[in-house]
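Worksheet: one structure, shown below.
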Amino acid sequence: MSHIKLSGLSLIAGLTASVAFAETEITYWSFWNEPEPQAQVLKALMDEYSAANPDVTFNVVWNGRQNQTTVRNALAGGTSIDLMDADMDGLNGGLVGQGAAVPLDGLVASDSPDGGTVGDAFYPALLANAELNGSVGQLPYAFYTYQIFYNAAQLRDAGVSEIPSTWAGYVDAMKAVKDSGVNAIAVESDIAFYNINWLNYLLARIAGPDFLLKAAEDKTGETWRDPAVSQALELEAALWADGLIPEESRGYQWPAGQQTLAFGETATELVGSWLPIELAEQVEEGFEWGAMNFPMVEGGKGNVNDTIIYAVSFAVPEGAEDAEAAQDFIRFALSKSAQQKMADDALIGVANASVEWADVISDSREAVANATSLLSENLGLKVAYADYSSNIYEAMHNKVFLGQITADEFINGMVEQTKGYWENR
Amino acid sequence: MIGKRLIGLFVAPAMIVYLCFFLIPTGFTFYSSLFEWSGFGSEAKFIGLGNYRRLWNDPTFWLSFRNTLALLFVGGFFVFFLAFLYTILINSGIWGKKLFRLVFFLPNVVSVVALSAMWAYIYNPRYGLLNTSLKSLGFEGAGKTLWTSPDNIFWAMLAALVWVFTGFFLILLLAGVDKIPADMYEAADLEGANLWHKFWYITVPMIWDVMTISFVIWIINAVKMFEFPFAFGFLQVPQQLYTLGIYLYIMGFGQRDPIYQLGYATAIGVVMLVLAFSLIVLVRRLMRRDQLEF
Amino acid sequence: MTAFEAISLDKHYGDFHALRDINLSVEPGEFIVLVGPSGCGKSTLMRTIAGLEKVTSGDLKIDGRSVTGLLPKERDVAMVFQSYALYPHMTVAENIGFGMKIAKRPKDEIREKVLAAAKVLKIDDYLSRRPKALSGGQRQRVAIGRAIVRDPKIFLFDEPLSNLDAALRVEMRVELARLHNQLDATMIYVTHDQVEAMTLADRIVVMNAGVIEQVGSPLDLFNHPRNKFVAGFLGQPPAIFMRLDGHERTGDGLTVQFSGTSVDLPAPSRQGGMPFEIGLRPDFFELDSQSPSLSPTVEVIEQLGDTTLLYTRLPDGQQATVQLAGQVKAKVGDQVPLRVNCKSPMIFDDGGENIYR
């Protein structure tokens, strides 16, 4: 408790120096649903902030995942919203990308209650992702990593003593798992945005993280004929062919796939770091979670430490009546004590690099700490060409991944559809 | 003439309401579909019929359109086939008429999310009710079917949807059947009519109006079908389940992607409106008939 | 052989005992009318004959063959419903030919038979009309036509005239009587209207509370009702009943006293119980200004032209309906001098049974 009080005191000190807020009500529309632990943490933070700043109160609307859409419609209707949050890519493709958010560069450069600037506290790679066209329009406060999550005991039992860092090593390890009588890899057939990470990672490892955006932006579509694509498709197809992904997974509707992990039937799943929390109630006592980086494909141009993330950021909509107060709250929410509370109570990764994460996702923190760069979902495609990303890229991949079309059909289809996409724009 | 003026006076409020809440919004919808607009503060850009040209060349739109038609016709066929079948059976004088009515109608009062969770359980490849039942009945091969694999998921969803909607239309049809005097059937019994004769020569002609309304309601429901396939997709609706309604939503509001193309979405909405409207006009034309008195 | 026979028929609806021990046999070509107040079981009996209701126990025979377990269509009966049950979406011809159509009879045969039936009923001009374009009487004929084309062993009529107006009802009644003669078919007819019963029936079956009270020819029932219920049910205006103040058996007859008068009657046809009430039909009263035995006060007068109806009250407060031949000049409040002439005496014992039957 003592450090909270301390930070509160230092905050008051900081505030009295800068602005005095008179009777301010911050209208906050949230990306979380009220019962979620993240919402509970945010609630506690707001209470704490109000206790330290008696003139500031909060008016919260818990909208859940469709928050940005709801905020958009409300803004168009003339509602004033001071603070909102959404996923980072969504914001860069939406509110921030459309220039409807207040730039937060000043906030990044301002003093943090923990000493140094607000920006200093971030994982540098994470803050870099928040930047769009040379300006920061959103500040991430929590995030998930996409990694291969595993049941450490099952890997040990299969004789996998060292976590593989190469594709060949990974495939061998998975084969060992399979031979030990456990399914190697879990897949949810209907969730395209889970499955797409196989191709995202393979392309990033083989051809580098910029390749995908380049392929999408090639108006002839021909970049899709690059050998990197067919190699990536071959590698993922081999996982099915070798029985590392059970054929039955084609019929798994979420959460059927991940439940096989909880039941001890499957050892690994390529998924976001929310998995240990989602399965917390279902796994047995003492379940040992591990997460490994997506392996490096031998001879590839990418970096094994690059990790795809899904972050949640605050943004201040243009025209907010209390933009200043909202930014001050963001500063507080990014402070070490506030971030620690988020990490402890919501079991989610946080933006402040000095904060320890919960045990079940400690491997994720390590990956982030070692990452040279953090990649956004679909390697930036989601932000730049959201409709292409969802309607063409993810949808086509799910077909080839689940064996509805061949690799050639996928490549030809991507060439065609990319061309069509640009012609039709 | 005073009479005419008076009629005008009485009709005026309804006309004004109709104008304000239907015609003007419809017109505005069409107008909006001529713009490119994200919905965020920025200016909407007039692009004429550009959104419609894009739709014409958009494979995902045609996929959604095909799915909607499949839902409308294939789904409609089974919904009404079953609704009529149950109408015949329930009306054949078996016990428990009220119970069956309740059982069949129940899905309509349960939230679609709960329903899709239930169907996910039924369809689960390994633990699912369907496959375990098939296996226990000795159909080992059929019991291994992956009902929700990408090749089957649309039809699996459609089957569940038929199950949901059959009850609703069954209630409508039964309400119509209940209005048919019992002695019509008794007279037919004496004349030697079997269940099919009674259904085809008495029930169908005498609930013709109810059928017309039911078809119209189905068309409206099917063309704007959204909730059930959407909920069936849980975290993310797979493209196999896209309907026009879902594609509209994805393009206008994003699901988990920042696709914010309101003008384009509106154009999809206009297509849905035109589709529903023309089908309704067609059905009403085809089924037009004199009013019955009985 | 009997055309129809009911043997110890019982029908329960849950606790309600709708038919009790019904025994009835009908000769071929007979016109039987089931009559009784609403809820007496007459319609239920008809519906069990048709097979629309199952019997709880007992047996039904048509032409000597037991049909108790058979479906309606297997019984070879035709029924004309009170509502006519015409199909509104079919033309008259289609309505009449419906049974033949679903039996897949050749089209020519159907057309021929429909036309023949329509001619009998004089509706051959309306064959292509829908029921809603017909008058009530015409609809009734269509319903009958539907029965005729089937040439059934038994025709069943369930209050067929009750939806028609009075004039039409009389017309159709005559029409039905004529039709019965023409077809020489066995007909069972349900009505609550005793005039229809009296005019149409070869034999009347009077029912009450699920029981057959009496079966017999109209006049037999009218003149010799078995009990007070039958006596009160048949006859229009209905008979009145007066408590006897006393009675004495004489050598060859019975003298009864009631309402301050005394009437000599022939000997009862059976012993019966203690004479209790006298039944008086309105035409049992005659004008007698010389030596009136009763002089009730007129309360209401109805002049019917050929007869005059007087609703009167006797000095002891009892009411009497009096029907006098011709046009009787009387005013409300007049005392009319009357005597009693029991044309067919009705004396009911303490059990309600007529001792003159």
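Details
- Basic side chains Lys and Arg get +1 at the Cβ, acidic Asp and Glu get -1 at the Cβ, and with that the dipole of the stretch C:4-233 about its Cα centre reaches some 800 debye.
- Inter-chain Cβ neighbour average for residues A:94-102, partner chain, 10 Å: 4
- Among B:Met118, B:Met206, B:Met184: highest mean-square fluctuation, GNM of chain B, C-alpha pairs under 10 Å: B:Met184
- Counts of other chain beta carbons within 10 angstrom of each beta carbon in peptide C:68-81 average 3.
- Translational D in µm²/s for chain C (Stokes-Einstein at 10 °C, 1.306 mPa s, Kirkwood Rh from C-alpha pairs): 70 µm²/s
- The packing ranking of peptides C:337-350, C:22-35, A:260-273, highest mean first, is A:260-273, C:22-35, C:337-350, where packing means the average number of other beta carbon atoms within 10 angstrom of each residue.
- Longest segment of chain B lacking GluC sites (Glu not before Pro) that sit in a DSSP loop with at most 14 other Cβ atoms within 10 Å: B:141-292
- Residue ranges A:317-323, A:87-93 sort as A:87-93, A:317-323 when ordered by packing (mean number of other C-beta atoms within 10 Å per residue, highest first).
- Theoretical FRET efficiency, 1/(1+(r/R0)^6), r = Cβ-Cβ of C:Phe16 and C:Gln257, R0 51 Å, to 0.05: 0.75
- In angstrom, the C-alpha Rg and Dmax of the protein assembly as shown are 45.1, 143.
- CD proxy at 222 nm, helix term only [per DSSP H run n ≥ 4: -39500 (n - 2.57); per residue of chain A; nearest 500]: -13000 deg cm²/dmol
- Averaged over the residues of B:117-123, the number of partner chain Cβ atoms lying within 10 Å of the residue Cβ comes to 2.
- In this simple spin-label approximation, B:Ala117 and C:Ser293 carry label points 7 Å from Cα along the Cα→Cβ vector, and these lie 9.2 nm apart.
- Coil-residue chymotrypsin sites (Phe, Trp or Tyr not before Pro) of the stretch A:59-146, DSSP, other Cβ within 10 Å capped at 10: none
- Grouping the Cα pair distances of the stretch B:204-261 into 5 Å bins from zero gives a pair-distance distribution of 4, 18, 21, 17, 11, 9, 8, 6, 4, 2, 0 percent in increasing distance order.
- Quotient of the Cα radius of gyration of chain A and 2.2 N^0.38 Å, N being its number of residues: 1.02.
- Karplus-based coupling profile of the stretch C:210-218, in residue order and whole Hz: x, 10, 7, 7, 6, 10, x, 5, x, with θ = phi - 60° in 6.51 cos²θ - 1.76 cosθ + 1.60 and x standing for Gly or Pro.
- Distance from the stretch A:176-229 to the stretch A:97-138 (C-alpha centre basis), Å: 31 Å
- Estimated dipole of the stretch B:177-264 in Debye, rounded to 20 [Cβ of Lys and Arg +1, of Asp and Glu -1, Cα centre]: 540 debye
- Here the dipole of the protein assembly as shown is about 5160 debye; that uses its Cα centre as origin and unit charges on the Cβ of Lys and Arg (positive) and Asp and Glu (negative).
- Three-way shape label, the stretch A:310-402, alpha-carbon gyration tensor, a/c 1.5: oblate
- Residues whose amide H comes within less than 5 Å of that of A:Tyr252, counting only those at least five positions distant or on another chain, are A:Ser189 (H built at 1.01 Å from N in the peptide plane).
- Long-range amide H partners of C:Phe276 with built H, under 5 Å: C:Phe348, C:Asp349, C:Asp350
- Phi-based couplings in Hz for the stretch B:252-269 (Karplus 6.51, -1.76, 1.60; Gly and Pro marked x): x, 10, x, 9, 10, 10, x, 8, 10, 10, 5, x, 5, 4, 5, 4, 4, x
- Mean projected area of the convex hull spanned by the Cα atoms of the stretch C:240-349, taken over all viewing directions: 6.9 nm².
- Percentage of interatomic Cα-Cα distances in the stretch A:47-133 larger than 15 Å: 69 percent
- Using just its DSSP H runs of length 4 or more, each adding -39500 (n - 2.57), chain C gives a mean residue ellipticity at 222 nm of -7000 deg cm²/dmol after division by all residues.
- The 3J(HN,Hα) values that the Karplus relation (6.51, -1.76, 1.60; θ = phi - 60°) gives for the stretch A:25-35 are, in residue order, 10, 8, 8, 10, 9, 10, 6, 9, 8, 3, x Hz. Gly and Pro appear as x.
- Alpha-carbon Rg/Rh ratio, for chain B, with Rh computed the Kirkwood way: 1.05
- Exceedance of the 22 Å cut-off in Cα-Cα distance is limited, within the set C:Lys61/C:Lys113; A:Lys219/A:Lys382; C:Lys228/C:Lys331, to C:Lys61/C:Lys113; C:Lys228/C:Lys331.
- Gained length - B:Phe77 relative to B:Ile16, 0.36 nm times residue gap less alpha-carbon distance: 18.1 nm
- q = 0.12, 0.19, 0.21 Å⁻¹: log10 I(q)/I(0) that the Debye formula gives for the stretch B:162-294, counting C-alpha atoms only: -0.65, -1.08, -1.21
- For A:Leu45, the shell of other residues with beta-carbons less than 11 Å away shows a net charge of -1, using +1 for Lys and Arg and -1 for Asp and Glu.
No value in this document is a laboratory result; all are computed from the given coordinates. Just so it is clear, the structure is predicted and the values come from calculations on it, not from any experiment. Quick reminder, even Gly has a Cβ in these numbers, built from the backbone with ideal geometry, and neighbours come from all protein chains shown.
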